[in-house]
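Taken together, the values in this text are just the output of simple stated rules run on the coordinates, not laboratory data. Fair warning: this is a prediction, and the values are worked out from it, not measured in the lab. Cβ atoms come from the backbone with ideal geometry, glycine included; neighbour counts cover every protein chain shown.
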Amino acid sequence: LRPPGARPETAFAAACIRCGLCVRSCPYGTLKLLPTGSSAAGTPHFDARTVPCEMCNDIPCLAACPTGALDPGLTVIEDARMGIAEVVNRENCLSLQGMRCDACYRACPLRDRAITMESRKDDRGRRVFVPTVHSVACTGCGKCEYACVPDVAAIRVVPLAQAKAGTRRGEVPGDPPGRLARAVRRRRIPADRS
């Protein structure tokens, strides 16, 4: 996963000079440089399962980038699109096993916008609460993956290019980043249920 504001992979790789300033500016130690052995060596990335993006309001990694590999047009962290969370391992999801777990939902900084818990009946007729990711609002910060209880996470953040949906559902390719996320944010959001 790339830092907030990373341009599409080809443009990002071309603009990134591998200076590491974004890595040094991250107050949480989220960003690391990719090791040698690939064409992307020396570029910043993060592993959500190890250390998710903390969604800093001032986006210090972006401010530190001298080349524009991290788009200076990103001014609101909620508009970042580092990836999309997907429930990839249904067998490991405790909620889908009928247990009461909402760790991914509770960890989400955009709760009730990026992740909701939907009530459904499973194949045995039991009522279960299923984590549902709304790709138009998901920033890809990875807090859901980090909080997932099983050893092998049931929810995982994947880069946009690898997401099953391709482009975010409801978004038209070429639209400014976050346009639909801002529209979703304008809707009335239910009060926090914590």
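Annotations
- Net charge of the neighbourhood of residue 13, taken over other residues with C-beta under 12 Å away and scored Lys/Arg +1, Asp/Glu -1, is +2.
- Spin-label model, residue 63 to residue 123: label points 7 Å out along the Cα-to-beta-carbon direction sit 5.2 nm apart.
- Here residue 76 and residue 99 are evaluated by their C-beta separation; at R0 = 41 Å the FRET efficiency comes out at 0.70.
- Calculated FRET value between residue 39 and residue 151, using beta carbons and R₀ = 25 Å, to 0.05: 0.20
- Sorted largest first, extent of the stretch 1-151 alpha carbons per principal axis (Å): 55, 33, 26
- If the segment from residue 19 to residue 54 were pulled out straight at 0.36 nm per residue, it would be longer than the present Cα-Cα gap by 10.4 nm.
- Compactness check for the stretch 69-168: Cα Rg over 2.2 N^0.38 Å is 1.11.
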